[in-house]
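Worksheet: the structure to be examined is printed underneath.
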Amino acid sequence: MTKDQPLDRVVLITGDTLYGKVDYFKEGFAWSEFYRKLRLTDTKGRKKRLKLKKVISYSVNGYDYESHTLDLVTKLFAKGRFFDSKYYIDQDGEQHFLKVISKGKLSHYELEWIDRDNNDLESLGLIKKAEHNFFIPAENRLGRVVKKVVSDYLADCPELQRKITDKEMKYVFEVVDFYNKHCE
């Protein structure tokens, strides 16, 4: 760790914050994987492994990750779409660390996973209103806004709905920024 390199951090369920270099992902030539435990090298070079269940959040390379226990609910052919998915926050669900892109009335997160076909770290953009207990997938495989899903979810902002359906906004970050600045 160099002195000019910013420190990563881990926040534990006890409220303690640990600083150093955090590793959560092993990138390999043929096989990549998420570690079962976070690996922290503190400022004195000591290494620690932390159980994920004991971690609330962590920060790596300037990106924050928050722990959420999620239960994926998918309904076939709901509202005329093949899949209608929501990720509900559920204490009995599976723990995921979501990458925080931005927070506000409408927050933007990314759910990361490893694509076993090409061994790449992939992500899916999710959005969540502050008052809701679920996330919705907000982008397709090309990284563009899923028009129908997002415009239905943001029905409380007709101007934004129009911009989405008219393809004036193609990316999730544009939608989130507009909603947080111009919608109630």
Please indicate, with yes or no, whether at least one residue in region 146-164 is within 18 Å of the chain's Cα centre (by Cα) and among the acidic types (Asp, Glu). no
Listed by range, strands (runs of 3 or more DSSP E) wholly within region 73-184 having at least 3 residues that are in contact with a Pro (Cβ under 8 Å, 6 or more places away or on another chain) and either of a type outside the set (Asp, Glu) or not assigned by TED's automatic domain parsing to the domain that holds ILE56 (or both) are 120-129
The one condition LEU12 fails out of (1) over 17 Å from LEU111 (Cα atoms); (2) outside the structural domain of TYR153 (by TED's automatic domain parsing); (3) at pLDDT below 85 is (3)
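Take region 134-161 and flag every residue that is among the basic types (Lys, Arg) and surrounded by 12 or more Cβ atoms within 10 Å (Cβ to Cβ).
Residues of region 134-161 among the basic types (Lys, Arg): 141, 144, 147-148.
Those that are among the basic types (Lys, Arg) and surrounded by 12 or more Cβ atoms within 10 Å (Cβ to Cβ): ARG144, LYS147, LYS148.
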Note to self: Being polar (S, T, N, Q) and modelled with pLDDT of 90 or more: is that true of SER102 here?
What the structure shows: yes
- Query: Is it the case that PHE178 is surrounded by 14 or more Cβ atoms within 10 Å (Cβ to Cβ), free of Cβ contacts under 8 Å to residues at least 24 places away in the same chain, more than 30 Å from LYS26 (Cβ to Cβ) and not hydroxyl-bearing (Ser, Thr, Tyr)?
  - Reply: yes
Filter region 105-121 for residues that are surrounded by 14 or more Cβ atoms within 10 Å (Cβ to Cβ) and at pLDDT below 80; the one that is nearest to the chain's Cα centre (by Cα) is ILE114
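Does ILE136 satisfy the condition of being in contact with a Phe, Trp or Tyr (Cβ under 6 Å, 6 or more places away or on another chain), among the aliphatic types (A, V, I, L, M) and in contact (Cβ under 8 Å) with a residue 40 or more places away in the chain? Before the answer, list the steps.
Details: in contact with a Phe, Trp or Tyr (Cβ under 6 Å, 6 or more places away or on another chain): yes; among the aliphatic types (A, V, I, L, M): yes; in contact (Cβ under 8 Å) with a residue 40 or more places away in the chain: yes.
When the stated conditions are applied, ILE136 passes them.
Could you identify the single residue in LEU72, LEU106, LEU98 that is aliphatic (A, V, I, L, M) and more than 30 Å from LYS51 (Cβ to Cβ)? It would help to see each step written out before you state the result.
Details: LEU72 fails: more than 30 Å from LYS51 (Cβ to Cβ); LEU98 fails: more than 30 Å from LYS51 (Cβ to Cβ).
So the residue among LEU72, LEU106, LEU98 that is aliphatic (A, V, I, L, M) and more than 30 Å from LYS51 (Cβ to Cβ) is LEU106.
The values are calculated or read from the model by the stated rules, or taken from the named source; none is laboratory data. This is a predicted model, so every value here is computed, not measured. Note that we place each Cβ from the backbone using ideal geometry, even for glycine, and neighbour counts take in every protein chain shown.
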